[in-house]
Amino acid sequence: MSEPASISTSIAGRYATAVYEIAKDGKAVKALEADLEALQSALGDSDDFRALIHSPIYSREEQGAAISAIAKKMKLSETFSNTLSLMAQKRRLFVLPQLVTALRDIIAAEKGEVTADVVSAKALTKTQADKLAKTLKASTGKTVTLNATVDESLIGGLVVKVGSRMIDTSIRSKLNSLQNAMKEVG
């Protein structure tokens, strides 16, 4: 991991732990999950929002005012709104994407869940996704949430990543292996 990414992850981890503990003490973990959903979609959908949190041209006051207005408009919980205001004041809004990820991981761990990143050549059907989740639950012993994406360059098959384990059954990787084996023969 690069040094800036490591620093961002470290900062986000500290904020995530603090926010989760406050939400847990206030019995507001459900509200926190709703806030995470809203922020995740805002980060994915809005170029202006991403520019606000990453751009150094905005002053602390401008970021603080903008993030307070955004939090109010998104109807974020008081805990998360205060956290975002503090992050703006400390010039730490750039770690917001890592904060969302870290909080999701903490909540999933508390629930005994694990997220599996699944990349397939075509979108998985509901039946296929359910069967894969059931199989992964049997191997991990935890409830599995699938984070599915499509990459047509796989040609066929799946790439499944659960924690530090990765299973690559894609045709692309098999063709690459075959190509490497052919190079060794000559």
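Would you mind checking the pairs K30/K126; K111/K137; K75/K142 and listing those with alpha carbons more than 23 angstrom apart? Could the numbers behind the result be given before it?
Working: K30/K126 26 Å; K111/K137 14 Å; K75/K142 32 Å.
From K30/K126; K111/K137; K75/K142, over 23 Å: K30/K126; K75/K142.
Using Cα springs under 10 Å in a Gaussian network model of the chain, which residue among G13, G64, G157 shows the largest mean-square fluctuation?
G157
For the stretch 1-109, just run the numbers: alpha carbon Rg, then divide by 2.2 N^0.38 Å, N being how many residues it has.
Working it through for the stretch 1-109, the quotient is 1.00.
Fully extended, how many nm does the chain gain between T140 and M166 (0.36 nm per residue separation, minus their Cα-Cα distance)?
8.1 nm
When N is the residue count of the stretch 51-99, what does its C-alpha Rg come to as a fraction of 2.2 N^0.38 Å?
Output field value: 1.01.
With r as the distance between the Cβ atoms of S153 and R14 and R0 = 41 Å, compute the FRET efficiency 1/(1 + (r/R0)^6) and round to 0.05. Present the calculation step by step, with values, prior to reporting the outcome.
Details: r = 37 Å, r/R0 = 0.91.
Computed FRET efficiency for R14 and S153 comes out at 0.65.
Taking all protein chains together and a probe of 1.4 Å, list I57, I106, I7 from the most accessible to the least accessible.
Largest accessible area first, the residues go I57, I7, I106.
Which values of log₁₀ I(q)/I(0), to two decimal places, follow from the Debye formula for the stretch 116-164 at q = 0.29 Å⁻¹ with a uniform point scatterer at every Cα?
-1.15
Once you have the alpha carbon radius of gyration of the stretch 1-65, what is it after dividing by 2.2 N^0.38 Å, with N set to its residue count?
1.32
Order I167, I70, most accessible first, counting only protein heavy atoms with a 1.4 angstrom probe.
Values: I167 85, I70 50 Å².
Heavy-atom accessible area, descending, gives I167, I70.
Viscosity 0.692 mPa s, temperature 37 °C: give me the Stokes-Einstein translational D for the stretch 67-186 in µm²/s, with Rh taken as the Kirkwood radius over C-alpha pairs.
188 µm²/s
The values are calculated or read from the model by the stated rules, or taken from the named source; none is laboratory data. Not measured: the values here are computed from a predicted model. Ideal geometry is used to build each Cβ from the backbone, glycine not excepted, and the neighbour counts take in all protein chains shown. Each accessible area value is taken on the protein alone, full model and side chains, heavy atoms only, with ligands, DNA and RNA left out. Shrake-Rupley method; radii C 1.70, N 1.55, O 1.52, S 1.80 Å.
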